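The values are calculated or read from the model by the stated rules, or taken from the named source; none is laboratory data. As the structure is a computational prediction, the values presented were derived from the model and not from experiment. All Cβ positions, even for glycine, are placed from backbone atoms using ideal geometry, and neighbour counts span all protein chains on display. Calculation scope for accessible area: heavy atoms of the full protein, side chains included, ligands and nucleic acids excluded. Shrake-Rupley method; radii C 1.70, N 1.55, O 1.52, S 1.80 Å.
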Amino acid sequence: PQDAGNYYCGLSNGNAFVSNKAKLTVNQIPNAAGTIIGTVSICKGSASEIYNIPEITGATAYIWTLPAGATGTSSTNSISVSFDSIAIPGSIKVKGHNDCGDGVESMFVVIINDIPITPELTINNRVLQSNAQLGNQWYFKNSIITDAINNTYIPPQKGDYYVIVNLNGCSSQSSNVI
């Protein structure tokens, strides 16, 4: 960049000097990409997760690279990403681009969590049992039962009970109702 400016090329015959002026513009590749901001821990099947970075000086486009099983397209500093059921952990990457080339890439590691299997309930001597060992949350008539998080529950009254399992921020489908 310090070489940009006006340059002259001339001829001299001792008495006269003839010169033509040429302007040199030095373009640069885009600056390095900044820190990507977005959700780190994702559930398989999540849609429309937004990731973005500050604008990159000198970029006319942005090149995003996504892990296997993730989809999304963008040529700006923001991208909406969907993670399908076969998505695997990996890195979201982005770099600025212009006619001179690509800038330094930024990387953001995402963790992809499985959706827990749908639990099944059984009842034995008034004790409800979920086949899921961890992450149980019991419900009564579509309302959460506070502190009912074990895989067994003794209902204090008659009605409809079910469980939803939540592991690593991912929720299962509702169990059968008993």
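Of everything in region 7-46 that's of a type in the set (A, V, I, L, M) and under 27 Å from residue 97 (Cα atoms), which residue is most open to solvent (accessible area, probe 1.4 Å)?
37
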Looking across region 84-111 at residues that are closer than 30 Å to residue 151 by Cα and touching a Lys or Arg at 6+ places or on another chain (Cβ under 6 Å), the single one that is most open to solvent (accessible area, probe 1.4 Å) is 85
Of the residues in region 125-135 that are within 31 Å of the chain's Cα centre (by Cα) and surrounded by fewer than 17 Cβ atoms within 10 Å (Cβ to Cβ), the one that is farthest from residue 111 (Cα to Cα) is 133
For region 91-120, pairs from a residue that is over 25 Å from residue 42 (Cα atoms) to a residue that is in a strand (DSSP E or B) and basic (Lys, Arg), with Cβ under 8 Å and 6 or more apart or across chains, are 102/95; 103/95; 104/95
Taking region 12-50 and keeping only residues that are under 27 Å from residue 88 (Cα atoms), outside any loop (DSSP other than H, G, I, E, B) and of a type in the set (Gly, Ala, Ser), one is left with 41
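For region 1-45, which positions are closer than 30 Å to residue 169 by Cβ and either more than 22 Å from the chain's Cα centre (by Cα) or not small (Gly, Ala, Ser) (or both)?
Just the residues of region 1-45 that are closer than 30 Å to residue 169 by Cβ, to begin with: 33-45.
35, 36, 37, 39, 40, 42, 43, 44, listed by residue number.
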Of the conditions (1) at pLDDT 95 or above; (2) of a type in the set (Ser, Thr, Tyr); (3) open to solvent by 40 Å² or more (accessible area, probe 1.4 Å); (4) more than 27 Å from residue 170 (Cβ to Cβ), the single one that residue 75 does not satisfy is (1)
*Could you say whether any residue in region 66-77 is touching an Asp or Glu at 6+ places or on another chain (Cβ under 6 Å) and within 30 Å of residue 104 (Cβ to Cβ)?*
yes
Residues of region 136-170 being among the small types (Gly, Ala, Ser) and either open to solvent by 70 Å² or more (accessible area, probe 1.4 Å) or in contact (Cβ under 8 Å) with a residue 60 or more places away in the chain (or both), in sequence order, are 169
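Considering each of 85, 78 in turn, give the residue that is among the polar types (S, T, N, Q) and within 16 Å of residue 39 (Cβ to Cβ).
78
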Filtering region 1-58 down to residues that are within 30 Å of residue 112 (Cα to Cα) and either touching a helix residue (DSSP H, G or I) at 6+ places or on another chain (Cβ under 6 Å) or among the aliphatic types (A, V, I, L, M) (or both) yields 32, 33, 36, 37, 40, 42, 47, 50, 53, 56
